[in-house]
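Rule-based calculations on the coordinates, nothing more; no lab input. None of the values given here were measured: they were computed from a predicted structure. Backbone-built Cβ (ideal geometry, glycine too); neighbour counts: all protein chains shown.
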Amino acid sequence: MKSVGYDKVPADKLIAMRVHRIDDAFIKEADALGFKNLPIDKLIAMRVHNRELVNEARAMGFEDLSLDKLITLRVHRINQEFLNEVRSIGYANCPSTSLSRCEFTG
């Protein structure tokens, strides 16, 4: 892990990384997506919620969202279909935080 910037990682975090298959390649992928030096818990969250969530959000027009906001979109099932529905009723430029509240409140 030292080669990708993670040294002196506590044993419990190393075990969690192993369980979730967080390896050098995964960390390099996260870096390439623009998420450099993430805390280990965020790397695990990225693995659990699928790193494709970044590409999906970008395809919907959401650039430069934090990992937490990307995960919020995923948790609230904000996808292209939902976004198309929202846009079809007149909300063309709805920010991601409003979309998640809209889905959550129904």
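Take every Cα pair under 8 Å whose residues are at least 6 apart in sequence, average their separation, divide by the length of the chain, and the relative contact order is 20 percent.
Between residue 56 and residue 8, what is the label-point separation in nm under the 7 Å Cα-to-beta-carbon projection? Using points 7 Å along Cα→Cβ, the separation is 3.7 nm. For the listed peptides 46-52, 3-9, 19-25, a ranking on the average number of other beta carbons within 10 Å per residue, highest first, reads 46-52, 19-25, 3-9. Rounded to the nearest 0.05, what FRET efficiency is calculated for residue 15 and residue 66 with R0 set to 30 Å and r the Cβ-Cβ distance? Efficiency for this residue pair is about 0.70. Under the combined filter of DSSP loop state and at most 16 neighbouring Cβ atoms within 10 Å, region 12-106 retains these chymotrypsin sites (Phe, Trp or Tyr not before Pro): 91.
Between the labelled values [x] 30; [y] 13; [z] 43, the entry that holds percent of Cα pairs over 25 Å apart as derived from this structure is [x]. Rounded to the nearest 20, the size of the Cβ-charge dipole of the chain about its Cα centre is 240 debye, with Lys and Arg at +1 and Asp and Glu at -1.
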